[in-house]
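One structure is given here, and the rest of the page talks about it.
The values are calculated or read from the model by the stated rules, or taken from the named source; none is laboratory data. Model, not experiment: these values are computed from the prediction. Cβ coordinates were reconstructed from backbone atoms using ideal geometry, including for glycine residues, and neighbour counts include every protein chain displayed. Quick note on the areas: whole protein, heavy atoms, side chains included, nothing else; ligands and nucleic acids left out. Shrake-Rupley method; radii C 1.70, N 1.55, O 1.52, S 1.80 Å.
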Amino acid sequence: MTKSILENRPKSWVDLAKGSAIILVVIGHTVLGLGPSLVIVADYGNALTEMIYLFHMPLFFALSGVVFVKLDTRLNWQNWISRILKLTWTMVLWTYVFLIAKLVGGEVNNDPISSEALFKLPIPGILHFWFLWDIIVYSVLMFPLIFIGHRRKATFNFFYFLLILSIFSNFYNFADTIEYWVGRSVDNLIYFALGFLIVHSIENKGWSDWIKIFPLIFVIPLFIMDVSNSHIMIFTRTVLLVAILTISFMATDS
């Protein structure tokens, strides 16, 4: 069985993509934190943050999908449960660390909190740690892979199912309870599945098929960029941007 490119080669392109996304996160939060007092923020801040927030977290989820599942490694009960517990512990710990830091900062914070915030459960992901909850949800969804094992076709079919599920959820209103616990997670699931499908498809079939459609991926967003601000247009634009960025970063390693 052909080993994954992520197993045989340095993960330089993944690290490059992660680093770029982290830099954008820092820029976005810095601009938001400066407030409207500076001219540059007032004039350009909204446009800059909207551009960054359009794709930086979807790109993160796509990269998570890339490295989350190794096709030649069998997922078992032990490492599946261990992964979920580690992620949950990390989210809970750093949520309270952040809350305590905000309490110490007092009125200096842009968004001050009271001590009551310490008595709220940090699930399903609060403040800046909502994305960790999404990764925990995706870890739970990986349960069928315990039984699928290293069967490549079955794994791909499973991720295609996740992709379809997420597309459906983006245009369907769930019950309030479901929406509260996993609504945003399922919405973002498309990027997680997309990252896996793009990268592992290229690893298995090569670049030939993707090279044929790659120019179209750049052209399509030009037609929808200013057509509408409707949900479907924003959703489509983000999906295309994530595909472009993932393939582009991967191409730097080739």
- Could we say that N79 is out of contact with any His (no Cβ under 7 Å at 6 or more places or on another chain), closer than 30 Å to K205 by Cα, without any contact (Cβ under 8 Å) to a residue 12 or more places away in the chain and assigned to a helix (DSSP H, G or I) here? yes
- Message: Looking at segment 169-188, I want the residues that are under 13 Å from F235 (Cα atoms) and have a partner that is open to solvent by less than 100 Å² (accessible area, probe 1.4 Å) and part of a loop (DSSP other than H, G, I, E, B) with Cβ atoms under 6 Å, at least 6 apart or on another chain. Which pairs are those?
- Response: D187/N170
- Query: Residues G65, G125, G149, G106: which one is at positive phi and at pLDDT 80 or above?
  - Reply: G125
- Task: Please go through segment 167-181 and pick out each residue that is of a type outside the set (F, W, Y) and surrounded by fewer than 20 Cβ atoms within 10 Å (Cβ to Cβ).
- Result: I167, N170, N173, A175, D176, T177, I178, E179
- Task: Would you check if there is a residue in segment 226-243 being at pLDDT 75 or above, surrounded by 15 or more Cβ atoms within 10 Å (Cβ to Cβ) and out of contact with any Phe, Trp or Tyr (no Cβ under 8 Å at 6 or more places or on another chain)?
- Result: yes
